[in-house]
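The values are calculated or read from the model by the stated rules, or taken from the named source; none is laboratory data. Please read these numbers as outputs of a predicted model, since none were measured by experiment. Cβ coordinates were reconstructed from backbone atoms using ideal geometry, including for glycine residues, and neighbour counts include every protein chain displayed.
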Amino acid sequence: MNFSADGRGNLGGDIPVAVYRLMEYSLKEELEDRFGTEEQKQIFRSAGYRAGVFFVKNQLDLSQELNAFIAALQSRLAELKIGVLRVERFEENSGKLILTVSEDADCSGLPLLGEAVCNYDEGFISGIMSTYMKRKYSAVEIDCWATGDRVCRFCVEPEE
């Protein structure tokens, strides 16, 4: 699939975060109305996973060692204005990571909603890490702007 901005000669490839969120949150509400909250969250995680796999295969060099890969991932996410990625912790023996994303396109600046809302990001990160690490990873959001935190924090670890 080609995601170029061809055909947008006047407007270019960027859209405001507010427009992205209009689509994202209206789609979330529609899916929740039709299928319930848990199914909506799972659909967003699955879509994020697909996007993460596509993204990493088409945007990054999968042959790099981990530190170089993470540096390239951080750079590309910032370039595309998806968010500012930081690695808080990496446990080499288990493969577990704690990642933060600040200025997250999905939720930074939202009012308090009382729940973590970055299910798409959970899938996106899972897809990226599963593809790079060549084993199934899952990401779970443990802190979110929508719950009062100022970064989204994810526990990312291999599935047993």
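Structure data summary
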{"quantity": "Per-region count, region 111-142, residues surrounded by fewer than 16 Cβ atoms within 10 Å (Cβ to Cβ) and either in contact with an Asp or Glu (Cβ under 6 Å, 6 or more places away or on another chain) or assigned to a strand (DSSP E or B) (or both)", "calculated": "3"}
{"quantity": "Residue within region 69-87 that is within 15 Å of Pro158 (Cβ to Cβ) and of a type in the set (Asp, Glu) present", "calculated": "no"}
{"quantity": "Matching residues, region 67-85, being in a helix (DSSP H, G or I) and touching a residue at least 60 places away in the same chain (Cβ under 8 Å)", "calculated": "Phe69"}
{"quantity": "Candidate set: region 31-66, residues that are outside any helix (DSSP H, G or I) and touching a residue at least 12 places away in the same chain (Cβ under 8 Å); chosen: the one surrounded by the fewest Cβ atoms within 10 Å (Cβ to Cβ)", "calculated": "Leu62"}
{"quantity": "Cβ pairs under 9 Å, 6+ apart, first in region 91-104 and in a loop (DSSP other than H, G, I, E, B), second among the basic types (Lys, Arg)", "calculated": "Gly95/Arg135; Glu103/Lys81"}
{"quantity": "Ser26, sole failed condition from (1) among the hydroxyl-bearing types (Ser, Thr, Tyr); (2) more than 15 Å from the chain's Cα centre (by Cα); (3) modelled with pLDDT under 95", "calculated": "(3)"}
{"quantity": "Test result for Asp6, in a loop (DSSP other than H, G, I, E, B) and over 16 Å from the mean Cα position of the chain (by Cα)", "calculated": "yes"}
{"quantity": "Residue ID - farthest from Phe55 (Cα to Cα), chosen from residues in region 107-160 that are of a type in the set (Asp, Glu) and free of Cβ contacts under 8 Å to residues at least 12 places away in the same chain", "calculated": "Asp149"}
